[in-house]
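K.L.:
Let me give you the structure first, and then I'll get to my questions.
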Amino acid sequence: MKISLYSLCRAVRFSRAFTLTEMMVTMAIFGFVVIGVLGLHIFGLKLNKMVEVKLQATEDSRRALNQLVNDIHAAGVVKVGTGSATSFTDAGFASAQLGNAIQVYPIKTNTTKFVRYFLDPSSKQLMRLDSSSGTPTFVSGWVTNTQIFSSEDYRGVILSNNLNNRVIGVDLEFYQLDN
């Protein structure tokens, strides 16, 4: 039996495999690619969580302001002052019209029906109290500032009276932890 040179070269060419060094280099490159993809995926998940928290705070503030603006637009009388779930004291004449609460009367002559927004200092929550229900409802949380409401002129200067031609300023500062 004679073996030709052609069949010998063909047999060597088909039986050739990767060497150990080639396999190690290939596996190292593949490992780096897998680690890189996993690292990018974990980074994306962390970024998504951070954005989700910020979007939730934005949604809370938008919802709170929509309800507040609707109540103020429908108001006959608006008073700025200091208040809680049980009491309200409006800022006196000749003092800065600034406080943690606002009381909105839908009709000028009826002072028994009102809507009060106030900051609960212990829980840092903005609450809404409707005189018809008598129970405060949650509007927004994570409020960090204490003086939320003000009565201002068109330039943003805080007034010392509650006369007409004023703007009700609302300054809500939020802080929400990532977790």
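For (1) open to solvent by less than 60 Å² (accessible area, probe 1.4 Å); (2) under 18 Å from Asn165 (Cβ atoms); (3) of a type outside the set (Gly, Ala, Ser), each residue gets a yes or a no:
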position	(1), (2), (3)
Arg62	no, no, yes
Leu65	no, no, yes
Leu68	yes, no, yes
Val77	yes, yes, yes
Val80	yes, yes, yes
Thr89	no, no, yes
Gly92	yes, no, no
Ser95	yes, no, no
Ala101	yes, no, no
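K.L.:
So, in the stretch 53-71, how many residues would count as being modelled with pLDDT of 90 or more and either more than 30 Å from Gln103 (Cα to Cα) or hydrophobic (A, V, I, L, M, F, W, C) (or both)?
P.N.:
Residues flagged as modelled with pLDDT of 90 or more and either more than 30 Å from Gln103 (Cα to Cα) or hydrophobic (A, V, I, L, M, F, W, C) (or both) within the stretch 53-71 amount to 2.
K.L.:
On the given criteria, is Val34 at pLDDT 90 or above, touching a helix residue (DSSP H, G or I) at 6+ places or on another chain (Cβ under 8 Å) and open to solvent by less than 80 Å² (accessible area, probe 1.4 Å)?
P.N.:
Numbers: at pLDDT 90 or above: yes; touching a helix residue (DSSP H, G or I) at 6+ places or on another chain (Cβ under 8 Å): no; open to solvent by less than 80 Å² (accessible area, probe 1.4 Å): yes.
Judged against the criteria, Val34 is not a match.
K.L.:
Something else now. List pairs: first residue in the stretch 45-60 and closer than 17 Å to Lys124 by Cα, second residue open to solvent by 80 Å² or more (accessible area, probe 1.4 Å) and in a helix (DSSP H, G or I) anywhere in the structure, Cβ distance under 7 angstrom, at least six positions apart or on different chains.
P.N.:
No pair meets every condition.
K.L.:
Let me ask something else about it. In the stretch 103-112, which residues are open to solvent by 20 Å² or more (accessible area, probe 1.4 Å) and either touching a Pro at 6+ places or on another chain (Cβ under 9 Å) or of a type in the set (S, T, N, Q) (or both)?
P.N.:
Thr109, Asn110, Thr111, Thr112
K.L.:
Could you give me the residue pairs with C-beta distances under 6 Å whose first residue belongs to the stretch 132-153 and is farther than 12 Å from Tyr117 by Cβ, whose second residue is in a strand (DSSP E or B) and open to solvent by less than 20 Å² (accessible area, probe 1.4 Å) wherever it lies, and which are 6+ apart or on separate chains?
P.N.:
So the pair list comes out as Ser150/Gly169; Ser151/Val80; Glu152/Gly169.
K.L.:
Another one. When the residues of the stretch 61-100 are filtered to those that are without any contact (Cβ under 8 Å) to a residue 12 or more places away in the chain and part of a helix (DSSP H, G or I), which remaining residue is farthest from Ser122 (Cα to Cα)? Spell out the reasoning first.
P.N.:
Taking the stretch 61-100 first, the residues without any contact (Cβ under 8 Å) to a residue 12 or more places away in the chain are 62, 66, 69-70, 73, 86-87, 89, 92.
Those left that are additionally part of a helix (DSSP H, G or I): 62, 66, 69-70, 73.
Details: Arg62: 23, Asn66: 24, Val69: 25, Asn70: 27, His73: 29 Å.
Across the stretch 61-100, the extreme among qualifying residues is His73.
K.L.:
Do any strands (runs of 3 or more DSSP E) entirely within the stretch 125-179 hold 3 or more residues that are within 19 Å of Asn70 (Cβ to Cβ) and out of contact with any helix residue (DSSP H, G or I) (no Cβ under 8 Å at 6 or more places or on another chain), and if so, which?
P.N.:
Details: elements: 125-130, 136-140, 149-152, 167-170.
The strands (runs of 3 or more DSSP E) meeting that bar are 125-130, 136-140.
K.L.:
All but one of (1) over 23 Å from Glu173 (Cβ atoms); (2) open to solvent by 40 Å² or more (accessible area, probe 1.4 Å); (3) small (Gly, Ala, Ser) hold for Ala85; which doesn't?
P.N.:
Evaluating Ala85 over (1) over 23 Å from Glu173 (Cβ atoms); (2) open to solvent by 40 Å² or more (accessible area, probe 1.4 Å); (3) small (Gly, Ala, Ser) leaves (1) as the failure.
K.L.:
For Arg166, are the conditions met, namely being over 27 Å from the mean Cα position of the chain (by Cα) and surrounded by 11 or more Cβ atoms within 10 Å (Cβ to Cβ)?
P.N.:
On the way: over 27 Å from the mean Cα position of the chain (by Cα): yes; surrounded by 11 or more Cβ atoms within 10 Å (Cβ to Cβ): yes.
Spelling it out, Arg166 is indeed over 27 Å from the mean Cα position of the chain (by Cα) and surrounded by 11 or more Cβ atoms within 10 Å (Cβ to Cβ).
The values are calculated or read from the model by the stated rules, or taken from the named source; none is laboratory data. The shown structure was predicted, so the numbers you read here are calculated from the model rather than taken from an experiment. Positions of Cβ are generated from backbone atoms using ideal geometry, with glycine treated the same way; all protein chains shown enter the neighbour counts. Side chains included, ligands, DNA and RNA excluded: accessible areas come from the protein's heavy atoms. Shrake-Rupley method; radii C 1.70, N 1.55, O 1.52, S 1.80 Å.
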